[in-house]
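Inspection log for the structure reproduced underneath, given as structure tokens.
The values are calculated or read from the model by the stated rules, or taken from the named source; none is laboratory data. Small disclaimer: the values here were computed from a predicted structure and weren't measured. We place every Cβ from the backbone using ideal geometry, glycine too, and count neighbours over all the protein chains shown. Side chains are part of the model used for accessible areas, which takes the heavy atoms of the whole protein and leaves out ligands, DNA and RNA. Shrake-Rupley method; radii C 1.70, N 1.55, O 1.52, S 1.80 Å.
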Amino acid sequence: VVRRLAVLLLPCACASVARAPDDGGPAWSRGDAAHLYVETDLGASGARALARDLELWRLAMTAALFDRARPPSDRLDVIALRIGELGALSPSLDGACGRLSAQEAPTLVLGPNRPDDRAEIMRHELAHAVVDENLNGVPRWLNEGLASLLGTAELDESTGVVSWGRLEIHGAHIYHYDLAPLDDVLDDVWPAYDMARYEFSSAYVVRMLAAEHPHELQCLLEHLVGTDGYAPAVEACFPDRRAWADEYAREQFRKDATVGHVQLDLRSIDDTVTVRSMSDAEVHAALARLDDVVASTLPMNDERRSELKDAADKQRARAAALGASTPSR
Ligand SMILES: [Zn+2]
């Protein structure tokens with residue numbers, strides 16, 4: 001999850017809650033790509049662009065993760081909101097990826113609070129979805145490290161080549177000497193006031209492994225496809241970690257920072273994206289999933305959590321009253 005410092009997010013009258021058209025909100029559109037669909041109030045062209053870009057990044061990240069990573073059996077469900085609409089539900093949230101039950105496909109919610117953040121947040125949260133689809137028992141450092149590293153992915157539109165690893169262009173808010181200590185990053189408990197630094201630091205751990213210990217990293221990822229968990233995987237794949245601290249400290253000074261690239265066929269992606277407008281019932285069903293995912297990011301004892309759960313139930317009831325079935329996957 002990407003979180004921003006709360007101080008940057010002054011309460012803002014301009015941020016309104018996402019609404020269905022029959023509540024006076026804008027029209028919603030759905031963009032379909034081969035492995036996902038996007039439901040959004042950003043208009044038909046927004047739906048098309050998001051479905052195309054998310055499909056593209058997702059294929060790139062699946063290929064980037066490891067050789068046997070597979071596209072998921074279920075299509076990813078994406079809800080993309082206008083600037084500030086997600087912040088109106090949960091002020092520190094720019095994006096979230098959650099599944100409502102183990103049986104259901106993950107829902108990815110994207111709602112940046114500033115327009116400049118959209119692309120990076122989209123890639124970061126999408127990377128979490130790809131990790132979630134392929135791996136089990138992923139420790140925090142690996143999950144956030146992979147998401148932050150893959151969040152740096154850049155596309156050359158002329159060649160279809162996607163490359164990643166250039167952390168410095170995204171880390172303007174982090175000073176070079178300010179990485180968190182390695183042992184603390186590898187710990188699963190991160191200090192709540194320092195999440196951004198720990199996320200960023202974990203990206204350097206993963207990039208260091210990708211550059212210095214690629215076979216060990218591949219071994220770890222392959223083990224996590226199974227359900228044995230993290231500890232046996234570490235034992236099998238990382239017999240000796242003594243060099244890590246020095247290598248991690250040096251990683252921020254690496255000159256050639258691109259750690260990987262994949263080639264995509266952009267035209268075949270563009271040709272398969274379709275867009276249509278959504279019924280009010282479909283919008284209410286989408287808003288119900290939105291409320292549920294945002295609720296799942298909040299602590300159990302947060303009263304906003306039960307408010308959002310109630311709101312989700314109301315949206316679901318309205319969708320049902322309008323005769324909605326859940327959208328096909
Ligand atoms: Zn994250």
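At a glance:
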item: When residues of segment 62-94 are limited to those that are modelled with pLDDT of 80 or more and touching a His at 6+ places or on another chain (Cβ under 8 Å), the one surrounded by the most Cβ atoms within 10 Å (Cβ to Cβ); result: LEU76
item: Filter result for VAL205 (modelled with pLDDT of 90 or more and open to solvent by less than 50 Å² (accessible area, probe 1.4 Å)); result: yes
item: Of all residues making up segment 101-121, the number that are assigned to a helix (DSSP H, G or I) and open to solvent by less than 10 Å² (accessible area, probe 1.4 Å); result: 1
item: Residues of segment 32-82 classified as closer than 24 Å to GLU144 by Cβ, in a helix (DSSP H, G or I) and not basic (Lys, Arg), total; result: 13
item: ALA236 vs. criteria more than 23 Å from LEU86 (Cα to Cα), touching a Pro at 6+ places or on another chain (Cβ under 9 Å) and either assigned to a helix (DSSP H, G or I) or open to solvent by 30 Å² or more (accessible area, probe 1.4 Å) (or both); result: no
item: Number of the condition not met by PRO299 [criteria: (1) touching a Lys or Arg at 6+ places or on another chain (Cβ under 9 Å); (2) closer than 29 Å to VAL162 by Cα; (3) at pLDDT below 90]; result: (2)
item: Looking only at segment 135-169, and only at residues there that are within 16 Å of the ligand (Cβ to nearest atom), polar (S, T, N, Q) and at pLDDT below 90, the one that is farthest from GLU104 (Cα to Cα); result: THR152
item: Test: residue in segment 250-264 that is farther than 30 Å from TYR204 by Cα and under 21 Å from the mean Cα position of the chain (by Cα); result: no
